[in-house]
Amino acid sequence: HWVESELTDAIDRGDFVLYYQPQLSLEGERIVGYEALIRWQHPQRGIIPPNEFIPVAEESGMILQIGKWALHQGCHDARLLPDDTYVAINLSPVQFSDRNLTDTVRQALEESGLPAHRLELEITETAMTMDRIEARKVMAALADMGVQIAIDDFGTGYSNLSYLMDFTFHKLKIDRSFVCRLQDDDTTGAVISTIVGLSRALGAETLAEGVETADQATLLRAAGCDSVQGFHYARPAPLSTFVSANDADA
Ligand code: G
Ligand code: G
Ligand code: MN
Ligand code: NA
């Protein structure tokens with residue numbers, strides 16, 4: 001398949017680029033951070049979305065190199081964004097299981113000079129449940145470095161509450177599938193309120209993903225969510241959209 005054979009050249013050629021989608025506090029609607037979303041700018045085929053190459057890269061192991069690139073690039077980009085914001089990077093379960101992950105993260109921080117608290121790592125429930133004991137250690141080690149940890153797509157995996165309590169994390173990202181249903185029934189709002197309560201009890205914040213309308217934002221505010229992300233606020237866009245020309249030259 002062409003994806004697998006051409007993935008090897010893509011890093012060397014500099015085909016990958018990170019797009020950023022703002023995350024806003026619901027209180028005041030200020031930008032608090034940016035999620036990095038990788039794109040493959042193929043010289044002939046145009047922009048290829050992650051869903052078309054990440055699974056292939058996970059299969060072949062190339063995701064480790066791509067993920068390392070994304071960590072370094074994301075930390076460098078964050079230096080050009082306001083000091084009071086963070087950059088959130090998605091970690092593949094394959095990266096999360098890699099023994100070198102904490103070293104890779106430390107290197108990216110050191111090389112870029114980014115303070116650890118300005119880096120957030122998004123981990124899925126699936127990644128955390130593959131080897132719970134190891135996952136707990138890795139998350140604790142990352143948190144000790146000062147990095148923020150977000151659990152991505154929360155509510156769609158195996159949300160085993162008894163061991164969620166054993167993990168160190170700072171944020172639950174409420175999956176878009178909940179936000180989609182908000183206007184259809186009252187149950188969804190109640191479920192989201194319950195996730196917010198659970199998250200608070202565990203000392204974490206909540207972010208709702210995939211917010212597309214003002215009505216959804218109103219309901220999420222009522223449910224007590226801390227922050228939001230979605231097309232209603234901004235679509236993923238190149239870094240230059242968010243930094244002034246002067247800063248980008250620095
Ligand atoms: O915009 P969107 O199509 O960007 O992203 C689709 C999926 O790809 C999401 O599930 C997202 O988490 C994942 N994704 C985006 N960027 C990265 C990345 O840098 N690394 C990994 N592992 N996944 C990513
Ligand atoms: O799995 P993860 O949460 O990392 O994936 C984020 C994905 O959601 C990306 O593909 C991103 O482009 C997409 N996305 C971000 N905001 C919205 C939105 O408001 N609506 C929809 N449908 N997708 C969104
Ligand atoms: Mn994500
Ligand atoms: Na998500």
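Each reported figure results from applying straightforward, stated rules to the coordinates on display, with no laboratory input. Please read these numbers as outputs of a predicted model, since none were measured by experiment. Cβ: placed from backbone, ideal geometry, glycine included. Neighbour counts: every protein chain shown.
Taking the criterion of being out of contact with any Asp or Glu (no Cβ under 6 Å at 6 or more places or on another chain), of a type in the set (A, V, I, L, M) and either closer than 17 Å to Glu35 by Cα or not in a helix (DSSP H, G or I) (or both), the residues of the range 85-107 that qualify are Val87, Ile89, Leu91, Val105.
Considering every residue within the range 62-84, establish whether at least one is among the basic types (Lys, Arg) and part of a helix (DSSP H, G or I). Among the residues of the range 62-84, at least one is among the basic types (Lys, Arg) and part of a helix (DSSP H, G or I), which makes the answer yes.
The set of residues in the range 22-57 being part of a strand (DSSP E or B) and among the small types (Gly, Ala, Ser) consists of Ser25, Gly33, Ala36, Gly46. Among the residues of the range 42-58, is there at least one that is small (Gly, Ala, Ser), near ligand 1 (Cβ under 9 Å from one of its atoms), under 14 Å from the mean Cα position of the chain (by Cα) and surrounded by 15 or more Cβ atoms within 10 Å (Cβ to Cβ)? No, the range 42-58 contains no residue that is small (Gly, Ala, Ser), near ligand 1 (Cβ under 9 Å from one of its atoms), under 14 Å from the mean Cα position of the chain (by Cα) and surrounded by 15 or more Cβ atoms within 10 Å (Cβ to Cβ). One residue stands out in the range 227-245 among those that are within 15 Å of the chain's Cα centre (by Cα) and within 8 Å of ligand 2 (Cβ to nearest atom): the one that is farthest from Pro49 (Cα to Cα), namely Gln229.
Pairs linking a residue in the range 42-54 that is free of Cβ contacts under 8 Å to residues at least 60 places away in the same chain and among the aliphatic types (A, V, I, L, M) to a residue that is surrounded by 11 or more Cβ atoms within 10 Å (Cβ to Cβ) and part of a helix (DSSP H, G or I), with Cβ atoms under 9 Å and 6 or more positions apart or on different chains, are Ile48/Val3; Ile54/Ile63; Ile54/Ile66.
A count restricted to the range 148-171 and to residues that are among the hydrophobic types (A, V, I, L, M, F, W, C) and within 11 Å of Ile123 (Cβ to Cβ) stands at 6.
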